[in-house]
Every structure is written in structure tokens, then in C-alpha cells.
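What follows is a set of notes on a single structure, which appears directly below.
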Amino acid sequence: MTEQRTPPSATEKPRIGELERLGPGGREALVIGVDGAGFDALTLPEKRFAYLMYRASIPGNAIAYRQTHRHADTLVRLLEAALTYSAGLDPAVRSALHDYLKLIWVHHGPYNHHTHAKFVPATLTPEMLSTAVAHAVARGATFPGDPTTLLSALYATIFDATHEPVSTFQSAGADIIEHSAVNYYDRGITRADIEALPDEWQHRMNVRFARGADGAIVPEVFKIGGLYGKELETIAHFVQLAIPHAENDEQRAALRSLLEFYTTGDEKHFREHMVHWLQSDARVDYLNGFIESYLDPRGTIAQFEANASLRAGGGLIEKIAENASYFEARMPWPDKYKRTDVSRPVATIVNVLIETGDGGPVSPAAYNLPNYNDIRNRYGSKNVILNNIENTRAEGLEQLVVNEFYLPEYRDAVLALTGKVVRPLHVYLHEIIGHGSGRPDPALTRDPRAALGRTYSALEECRADLVGLYAIGDPRMIEFGAYEESMRPMVVETSYITYLQSWMSRMDRVEGDVREAHDRGHHAILMWLVRGGESGRDYGVEVKKVEGDYFVRIRDAQRVHAGVSDLLSRLQVIKSTGDVAGAQHIFDEFGTKLDPEWRANIAARRERLKLPKLKAFVFPHLKPVIQNGEIVDVTLTCDEDLTAQQLRFRRLEHSRELTDD
């Protein structure tokens, strides 16, 4: 596939901050370009390592499409070929094609990253797509199959919103596998089919299940020579090249274990990798592997995710990490579920240089790994805050949101404290203390993730959020210098109102039930506090209607703290004991159903203000300087928009050349 490309001018302004808005009225996604501040100060070995792990991230995008839906990879390649050969095409057709393709790039397929609900083109019609494909064929484009056959096979996936409408279905009352379109299972496989398999396969995180010709379930392992083999071979090539430039022995050992995992598919090597990775604490770091299980309706099979990053700061985050044992002891759950041997977790703030797969273009604010509870209990965890993701914003958007969705008595405090105090503190506490806290009951013989199944991810995100809300007013925060003692009541109240109202103001992105794990956690906390938990107590929170619009109001911050404490204790006991019925009750009762009147009101207000539903990111462009086949320098520029970056990633996905293109 050949593409006409115009290089950016040397004097062109860096593409940082808001780049574009996608979808009708710009509401589907806000695209933001981020910088990689601090890269120029790296040593040459650090730059080489960063570049090689950057390249090791790129093939993961192809894996992400294939995991999202069985047709997603074919769909995106068809659209990319049509766009690449669109010179001379009717501008209206090209624009409709391009708009849909951008959303496919953002979500790695036709399902929303957050809601798991299917989306269809806003303006692209079947006739337009046929015209664009025929136009491209006439100009020499090649497609992943006969174009006419492809268009017929993809019709329902692209244009029919009722066809396989949900990628990840976790609601009660129906078969969660049969009703999920995610490509971890052949169509027609049921939950009963999987539960009939040996435990080894049921709890494997790097496997897909197919239906054999004889009707038997066939596990397909993610490994070189197996599923995703070509992509994993390319990833392994760059990981191997990176090893000599690793910062320390732990990082080198981590990469060697990762190579063993990709070669053999044996999860024990990935566990070894995670132990070395969390202990490496390097200036230039990475993430690479099958990490989170949010897409799997059973909460077991993991999505590919990769990044490369460099350290960007410390300070308060390190103080919180140093006091992990203090916070553990003060948690409200029973002492027998508290860790008594808490080692200082690794905690760092980074600027990401690239994120692919589950990590980008839609990015988390932070992550805490590993997900193996036994490794956490023995070795601790690594907590990584993504500084440039958290702090690159669109001008004026925050003021607009606060003025529309917060009651007047909260607005000044929200604007003054959220970005500088409340949001960073909550993220730090969520990741460093929340995910690393608690221990299983000795009588629990399985990992809590396996015991709780479909509710585990939502419970864990909800539990970590509650830890942040519970501890943000702790006296140690004043000792750390996070805020002055006189500000404590305002900081606590602002943390509550920001958390609750922020979730309510995003309800418009949910179609039907709340499905995404973080969203289910947010909603469970809001509804637990509003409804008074399981016993109807007064937790000091109400949803108030003012001049036809809905707002969250905090009547009594101390009662809110009590409600947070009660739910946090309840969830920890559920996790520690593997109480699957208790977990399902909490999230089916409090975390799944939206009030349709609230959602309609929020949607109308966001539509009026043209507020985007999510953020997607464009990352820096790393370019190696090559002399005599060796990397003698690496430069960083911010010269791409979403289209340029995604098409460059496509060109590089199986390339082993040391190049920027």
C-alpha cells in the first residue's frame, strides 16, 4: 500500500493539546496530542531502550483489533486501503469514510472502549463505502480479500446496530459468553462449554477458544507459532534488541522472561516477568503483554497492552508509598483481611512515549500491577501515574463542564482544587494504596479474580476508588504537605462532589446497562450513597433537581465518609472470602442500571454544549538517527495527527528496520 505523504514543516507548531474532535458535533471523542518532556535529557542507552520498546509496542495494535471482534482487523484494513487511495474521490464520501475510520482507530473496532456498545457510521452509507472501495481498486489498492465479498461479509458488522450489539456482556440473567461479541470465543460457544473444560484452561489468561470440526472446544494459545504469532515475533525481535540497553539486572531479567512467555505461551514465565518488572524501578520503563481482562465477560482472558515511558517526577507519590503500611492499618475492614507485611510499593510518575492495544489511543490515567494477588502479597506492586495523559487538556473545557454540571456552591472549590490537589491525590491513593491493599482469607483456595469471575474487575476498581475517597482526608496528608490543615474540610467535600458529579456528568456515554468495569464501580458508589446502601441509611448524598436539571449535592460529608467506609469494608470482605453471590448482588443492584431520566438530562446538556464523551491521544514520534547500522541518537517530535500516526503504525507493524517510518 503506497500513500502520498507531505512531511511537516520544520517550523510547524508542535501538535500538543487539542487536535480535533470526532463524530457528529465533535461529541464522540476529543483527540489530544501529548509531549514527552524529559526525553532529550536521557542518556544514549536510555534513548535506545526507549526507541526499541516503542517499536515493540506497535505490533500490539494488530492484536488489539483481532481481540476486539472477529471482523475488526479486516474492517480497519479495508477502510485504511480505501482512504489511502482516495485521491479524487467525492469529498463528501471521503469525509464520511475518514470520520468512521478515525473512530475505528480510537476504539480498535466498532465497539466503544468504555461502554462496550456497538457504534455505526454517522454519515457513511453502504453505497458510499462501495463507491470508495471501487475507487480505490481502480487506483491499484489491494484489500484483505475480494472487495465485493468483504463488503457483503462486513455489512452487518458496520451498519446494523442490532447485530452483535455488545462486545462484553456481564449482566445477570443471560449467558455472558453467548451474548458477547468479543473475539475470545467462536460464535456459538457458551458459558457451559467453557465451564466444562479443565480448570487449567478456564483460568488461562492468554488463550482464545475455538470450536473444532468435531464440535470440541479447542484452546488457541497466544504465543509465537500460535495465535498472534507474527505480531509476537516482531515484538520479541525488538525486545531482544532492547536487552543490552536495559538499565539494571531486574529489567534485563524481566525482558528475558517476557521472551520466554511469548516463545512458549507458558504463563509461569509471564508471572516471572511481572516480578522482575515491578522490582526494576528504571528511569525508562515499559509495559508489554496481555494485562487487563476488562473485555472478557468472565474477567479472565487478557487484552494486549504496551507502552514505553520515562520518569517525570516523584515527591508526594513517594511519601504515600513510604506510608503504605500506615494506610493499610487504618482501613475500615476487619483486621484479619489487612496485610501485616506491607513492603514499600514502587511508585512513579511518568510521561508515556507510546501506548498501544488496550493502552491507547484511549489511555488510563494510571495503572497498578501485577494483577496476580499472590505476587502482590509477596513482592508488592508497581504504581505508575501517566503525567502527560493526566495533565494535557483542551483549553476552556474544564470551566465549561464545572459551570454546567456542578451546583454553584461547589464551583470555585472544584476549579481551584481538583486539578492540583483532589484528582492527583485520589489517583495516587487509588493506585498505590487501593489496589495494593487487603489480603485473602486463608480459607480461600483460589485467586479472588478466579473466584469472583464477571464481577471481579468492577469490584477491584470500585474498591480502589473507595480507598482514595476514604483516605484523602487522613491527617498524614497534612504532614505530607498535600494541603494545609485549614483546607481539610474543603478538600474532603470537594473530593466527594468531584467524584460523584463527574460520574453523573458522563452518564450520556452509557447505552443500556453500565458495562465497563470502572464505570460500574463509579455507579455502584453513587447509588450506594444515594440509596443508603443495603439498609437504607442516610449517607448524606442526594441527587437534586434544579430548574429541570440534575445535580449531586453533599448534605453531610461525615455521613458520606461513613457510607464510603461501609461499602469499602463490604467489598473487601467479599474479595477476601471469594463471595461471588455478594459481589453479584452489589453490582447488579447498585452498579448496573442508570436512571433513564438522569441520563436523558445529562445527554441533552452535553449535546447542547457539544462536550466530547471521551479522550483519545496521539503520542510523540520517536526517530532514530542511524550511522553504520547503529542508533547514535533518537529524536522526539510531536508532528502527527491521529491519521498520520495510525497509518505510520500500520506501516511499521511487521517491519524490523530501525526507522521512524
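In segment 388-411, which residue that is of a type in the set (S, T, N, Q) and either closer than 21 Å to ILE554 by Cβ or outside any helix (DSSP H, G or I) (or both) is nearest to the chain's Cα centre (by Cα)?
Step one: of segment 388-411, the residues of a type in the set (S, T, N, Q) are 388, 391-392, 399, 403.
Pick out the ones that are also either closer than 21 Å to ILE554 by Cβ or outside any helix (DSSP H, G or I) (or both) and you get 392, 403.
Values: THR392: 17, ASN403: 28 Å.
Of everything passing the filter in segment 388-411, THR392 is nearest to the chain's Cα centre (by Cα).
Only one of the numbered conditions (1) modelled with pLDDT under 95; (2) not in a helix (DSSP H, G or I) is not met by GLU200, and that is (2).
Hey, does segment 121-137 have a residue that's closer than 20 Å to ARG509 by Cβ, at pLDDT 95 or above, open to solvent by less than 40 Å² (accessible area, probe 1.4 Å) and out of contact with any Gly (no Cβ under 7 Å at 6 or more places or on another chain)? Yes, some residue in segment 121-137 is closer than 20 Å to ARG509 by Cβ, at pLDDT 95 or above, open to solvent by less than 40 Å² (accessible area, probe 1.4 Å) and out of contact with any Gly (no Cβ under 7 Å at 6 or more places or on another chain). When the residues of segment 1-19 are filtered to those that are assigned to a strand (DSSP E or B) and at negative phi, the one that is modelled with the highest pLDDT is LEU19.
Is it true that some residue in segment 270-277 is assigned to a loop (DSSP other than H, G, I, E, B) and either of a type in the set (Asp, Glu) or farther than 19 Å from GLY380 by Cβ (or both)? Checked segment 270-277: no residue is assigned to a loop (DSSP other than H, G, I, E, B) and either of a type in the set (Asp, Glu) or farther than 19 Å from GLY380 by Cβ (or both). No other residue among ALA450, ALA482 is of a type in the set (A, V, I, L, M, F, W, C) and at pLDDT 90 or above apart from ALA482.
When residues in segment 513-544 are screened for being open to solvent by less than 10 Å² (accessible area, probe 1.4 Å) and in contact with a His (Cβ under 7 Å, 6 or more places away or on another chain), 2 of them pass. The residues of segment 367-384 that are crowded, with 21+ Cβ neighbours inside 10 Å and farther than 17 Å from SER280 by Cβ amount to a single one, ASN371.
ASP193 falls short on exactly one of the conditions (1) part of a helix (DSSP H, G or I); (2) open to solvent by less than 10 Å² (accessible area, probe 1.4 Å); (3) over 30 Å from SER57 (Cα atoms); (4) not aromatic (Phe, Trp, Tyr), and that condition is (2). Can you tell me how many residues in segment 334-349 are touching a strand residue (DSSP E or B) at 6+ places or on another chain (Cβ under 9 Å) and either assigned to a loop (DSSP other than H, G, I, E, B) or free of Cβ contacts under 8 Å to residues at least 12 places away in the same chain (or both)? Residues in segment 334-349 being touching a strand residue (DSSP E or B) at 6+ places or on another chain (Cβ under 9 Å) and either assigned to a loop (DSSP other than H, G, I, E, B) or free of Cβ contacts under 8 Å to residues at least 12 places away in the same chain (or both): 1 in total.
Criterion first (within 19 Å of the chain's Cα centre (by Cα) and either at pLDDT 95 or above or assigned to a helix (DSSP H, G or I) (or both)) does VAL106 satisfy it? Give the derivation first.
Values: within 19 Å of the chain's Cα centre (by Cα): yes; either at pLDDT 95 or above or assigned to a helix (DSSP H, G or I) (or both): yes.
The answer is yes for VAL106.
In this structure, does GLN251 turn out to be modelled with pLDDT under 95 and more than 30 Å from ILE176 (Cβ to Cβ)? Against the criterion (modelled with pLDDT under 95 and more than 30 Å from ILE176 (Cβ to Cβ)), GLN251 does not qualify.
Among VAL467, VAL510, which is the only one that is over 23 Å from PHE327 (Cα atoms) and in contact (Cβ under 8 Å) with a residue 24 or more places away in the chain? Don't jump to the end; show me each part of the working.
Values: VAL467 fails: over 23 Å from PHE327 (Cα atoms).
Going through VAL467, VAL510 in turn, just one is over 23 Å from PHE327 (Cα atoms) and in contact (Cβ under 8 Å) with a residue 24 or more places away in the chain: VAL510.
For segment 278-298, residues that are among the aliphatic types (A, V, I, L, M) and assigned to a loop (DSSP other than H, G, I, E, B) total 3. Of the residues making up segment 497-526, just one is outside any loop (DSSP other than H, G, I, E, B), farther than 20 Å from TYR406 by Cβ and of a type in the set (Lys, Arg), namely ARG520.
Tell me, which residue of segment 474-496 that is part of a helix (DSSP H, G or I) and aliphatic (A, V, I, L, M) is most open to solvent (accessible area, probe 1.4 Å)? Walk me through it before giving the result.
Restricting attention to segment 474-496, the residues satisfying the condition of being part of a helix (DSSP H, G or I) are 475-480, 485-496.
Now narrow it down to the ones that are aliphatic (A, V, I, L, M): 477-478, 487, 490-492.
Working: MET477: 0, ILE478: 51, MET487: 60, MET490: 102, VAL491: 0, VAL492: 18 Å².
Only one residue fits best here, namely MET490.
Close Cβ contacts (under 9 Å, 6 or more residues apart or on different chains) running from residues in segment 310-332 that are in contact (Cβ under 8 Å) with a residue 40 or more places away in the chain and small (Gly, Ala, Ser) to residues that are part of a helix (DSSP H, G or I) and open to solvent by less than 40 Å² (accessible area, probe 1.4 Å) comprise ALA312/ASN388; ALA321/TYR428; ALA321/ILE432; ALA321/ILE433; ALA324/ILE432; ALA324/ILE433.
State yes or no: is LEU241 out of contact with any Phe, Trp or Tyr (no Cβ under 6 Å at 6 or more places or on another chain), open to solvent by 40 Å² or more (accessible area, probe 1.4 Å), under 20 Å from TYR51 (Cβ atoms) and assigned to a helix (DSSP H, G or I)?
Working: out of contact with any Phe, Trp or Tyr (no Cβ under 6 Å at 6 or more places or on another chain): yes; open to solvent by 40 Å² or more (accessible area, probe 1.4 Å): yes; under 20 Å from TYR51 (Cβ atoms): yes; assigned to a helix (DSSP H, G or I): yes.
When the stated conditions are applied, LEU241 passes them.
For segment 38-52, the criterion of being at pLDDT below 95, farther than 14 Å from LEU103 by Cα, aliphatic (A, V, I, L, M) and surrounded by fewer than 19 Cβ atoms within 10 Å (Cβ to Cβ) is met by none of the residues.
No other residue among ARG208, ARG187 is under 30 Å from ALA450 (Cα atoms), open to solvent by 70 Å² or more (accessible area, probe 1.4 Å), modelled with pLDDT of 95 or more and not polar (S, T, N, Q) apart from ARG187.
Within segment 106-117, none of the residues are surrounded by fewer than 21 Cβ atoms within 10 Å (Cβ to Cβ) and without any contact (Cβ under 8 Å) to a residue 40 or more places away in the chain.
Only residues that are crowded, with 23+ Cβ neighbours inside 10 Å and either in contact with a Phe, Trp or Tyr (Cβ under 8 Å, 6 or more places away or on another chain) or closer than 16 Å to GLU460 by Cα (or both) were counted in segment 545-559, giving 0.
All of ALA464, ALA451, ALA471 fail the test of being small (Gly, Ala, Ser), over 25 Å from ALA29 (Cβ atoms), in contact with a helix residue (DSSP H, G or I) (Cβ under 8 Å, 6 or more places away or on another chain) and open to solvent by 10 Å² or more (accessible area, probe 1.4 Å), apart from ALA451.
Evaluate segment 628-639: report whether one residue or more is assigned to a helix (DSSP H, G or I), open to solvent by 40 Å² or more (accessible area, probe 1.4 Å), of a type in the set (A, V, I, L, M, F, W, C) and out of contact with any Lys or Arg (no Cβ under 6 Å at 6 or more places or on another chain).
From segment 628-639, those assigned to a helix (DSSP H, G or I) are none; that's our starting set.
The answer is no; no qualifying residue exists.
Scanning segment 570-612 for residues that are among the small types (Gly, Ala, Ser) and part of a loop (DSSP other than H, G, I, E, B), we see that the one that is least open to solvent (accessible area, probe 1.4 Å) is GLY591.
Take ILE177 and decide whether it is farther than 17 Å from GLY299 by Cα, modelled with pLDDT of 95 or more and buried (at least 17 other Cβ atoms within 10 Å of the Cβ).
Numbers: farther than 17 Å from GLY299 by Cα: no; modelled with pLDDT of 95 or more: yes; buried (at least 17 other Cβ atoms within 10 Å of the Cβ): yes.
It is false that ILE177 is farther than 17 Å from GLY299 by Cα, modelled with pLDDT of 95 or more and buried (at least 17 other Cβ atoms within 10 Å of the Cβ).
Within segment 385-402, restricting attention to residues that are open to solvent by 30 Å² or more (accessible area, probe 1.4 Å) and farther than 16 Å from PRO612 by Cα, the residue that is modelled with the highest pLDDT is ASN387.
The values are calculated or read from the model by the stated rules, or taken from the named source; none is laboratory data. Note that this is a predicted model, so its numbers are computed, not measured. Cβ sites come from the backbone with ideal geometry, for glycine too, and all protein chains shown count toward neighbours. Ligands, DNA and RNA are excluded from the accessible area calculation, which covers all protein heavy atoms including side chains. Shrake-Rupley method; radii C 1.70, N 1.55, O 1.52, S 1.80 Å.
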